[in-house]
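What follows is one structure encoded as structure tokens, with my remarks underneath.
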Amino acid sequence: MRIVSFTGKSGTGKSYQATAISQSRNIDAIIDDGLLIYKGQIVAGTSAKKCVSKAAAMRTALFNYEDHRASVRNALVKYHPESLMIIGTSDRMTNIIAETLGLHMPDERIYIEDVTTEEERNEAAISRGKMGEHVIPAPMGQLKRDFSGYFINPIKYIRDRALGNTVRPQQGPSNDEPDDRTVVRPQYSYLGLFSISEKALRDIVEITSDRYAGRLEVLDRIDNGKQENMILTIDVRVPFNCNAVKLCTDFQQDVYDAIAEMTAFTISSLNIRIREMY
């Protein structure tokens, strides 16, 4: 496997430029901020942007957590990419990532200064520092809401704290810090843009609930009707026993994972509400 490192200071536009570089050099896999992206699909890892502290984010980006590291190693074996780009803030960081994942040192090193002008890097720094934008080089879900006929803009801000704030509540950033957002752009042009209808979203919930047949029944699905920061609440019917709460949290996690995996679209809040017990 050919390994290419791509380095530059934080906020200088590495993840955004990775798109063009991967296309021009036929690089089919990218490691960025704790994620393994293969041919435009996030196939393993956890985004460091979801961490609630800088220390945890750095450990995630460097694959210091055993389960995280193992999942990415296994995915590299499974997909066996011909070429891999490792994105980092320095040669030392990309070397550590390669060594931690059991890979050889990069065969080629590319620097952000090689592919951008100083003006472009300054613009990227402003987007990160003042607007809280961060790019993930993976395809985005362009959500079409049936009731309004509105299409989300192809480049959309998607809050990347969704899982932490809904499935496992965690403390968010303090008020004096910029609200970090994620700009998700298509990685490979041949994927194009795609849309998700309300019916498709309902179907994902229903199909996921099939795994819980006889234990959990979906009664209704309600959302807040907003284009951004959509809050999804699912009313369910569950048996009256001590396992009801765990059953609901497992279902909540499965629905979130299904939406994220099948659509690359992240909802702001996913709630499971027990409406009936039997």
Exercise for review: Go through the stretch 53-121 and tell me which helices (runs of 4 or more DSSP H), entirely inside it, have 1 or more residues that are of a type in the set (A, V, I, L, M) and touching a helix residue (DSSP H, G or I) at 6+ places or on another chain (Cβ under 9 Å).
Suggested key: 54-61, 91-100, 112-115
Review point. Do we find a residue being touching a strand residue (DSSP E or B) at 6+ places or on another chain (Cβ under 8 Å), in a loop (DSSP other than H, G, I, E, B), of a type in the set (Val, Ile, Thr) and open to solvent by less than 70 Å² (accessible area, probe 1.4 Å) anywhere in the stretch 26-36?
Key: yes
Check your understanding: So which residues in the stretch 70-85 are out of contact with any Asp or Glu (no Cβ under 8 Å at 6 or more places or on another chain) and either of a type in the set (Val, Ile, Thr) or open to solvent by 60 Å² or more (accessible area, probe 1.4 Å) (or both)?
Key -> 72, 73, 74, 77, 78, 79, 80
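With respect to residue 65, is the statement that it is over 20 Å from residue 5 (Cα atoms) and surrounded by fewer than 18 Cβ atoms within 10 Å (Cβ to Cβ) true?
Working: over 20 Å from residue 5 (Cα atoms): yes; surrounded by fewer than 18 Cβ atoms within 10 Å (Cβ to Cβ): yes.
Yes, satisfied.
Go through 23, 17 for me and flag whichever is crowded, with 21+ Cβ neighbours inside 10 Å, farther than 17 Å from residue 98 by Cβ and over 16 Å from the mean Cα position of the chain (by Cα).
17
Of all residues being over 14 Å from residue 274 (Cα atoms) and not charged (D, E, K, R) in the stretch 233-261, which is modelled with the lowest pLDDT? Just the residue, please. Give the derivation first.
Pass one, the stretch 233-261, residues over 14 Å from residue 274 (Cα atoms): 253-261.
Imposing the further condition that a residue be not charged (D, E, K, R) reduces the set to 253, 255-256, 258-260.
Values: 253: 92, 255: 92, 256: 87, 258: 85, 259: 79, 260: 72.
My answer is 260.
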Exercise for review: Using the structure shown, decide if residue 50 is open to solvent by 70 Å² or more (accessible area, probe 1.4 Å), more than 18 Å from the chain's Cα centre (by Cα) and within 23 Å of residue 260 (Cα to Cα).
Suggested key: no
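Hey, could you check the stretch 53-62 for residues that are more than 12 Å from residue 97 (Cα to Cα) and over 16 Å from the mean Cα position of the chain (by Cα) and say which is least open to solvent (accessible area, probe 1.4 Å)?
Of the residues in the stretch 53-62, the ones more than 12 Å from residue 97 (Cα to Cα) are 53-57.
Going one step further and asking which of them are over 16 Å from the mean Cα position of the chain (by Cα), we end up with 53-56.
On the way: 53: 50, 54: 178, 55: 54, 56: 17 Å².
Step by step, filter the stretch 53-62, then rank; the result is 56.
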Exercise for review: For residues that are modelled with pLDDT under 60 and exposed (fewer than 14 other Cβ atoms within 10 Å of the Cβ), scanning just the stretch 93-140, find the one that is nearest to residue 22 (Cα to Cα).
Suggested key: 129
**Study point:** Pairs where the first residue, in the stretch 109-122, is touching a residue at least 60 places away in the same chain (Cβ under 8 Å) and the second is surrounded by 12 or more Cβ atoms within 10 Å (Cβ to Cβ) and among the basic types (Lys, Arg), C-beta under 7 Å, 6+ apart
**Key:** 112/14; 112/121
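The values are calculated or read from the model by the stated rules, or taken from the named source; none is laboratory data. None of these values were measured; they are calculated from a predicted model. Note that we place each Cβ from the backbone using ideal geometry, even for glycine, and neighbour counts take in every protein chain shown. Ligands, DNA and RNA are stripped out before the accessible areas are found, and what is left, the full protein with its side chains, is counted by its heavy atoms. Shrake-Rupley method; radii C 1.70, N 1.55, O 1.52, S 1.80 Å.
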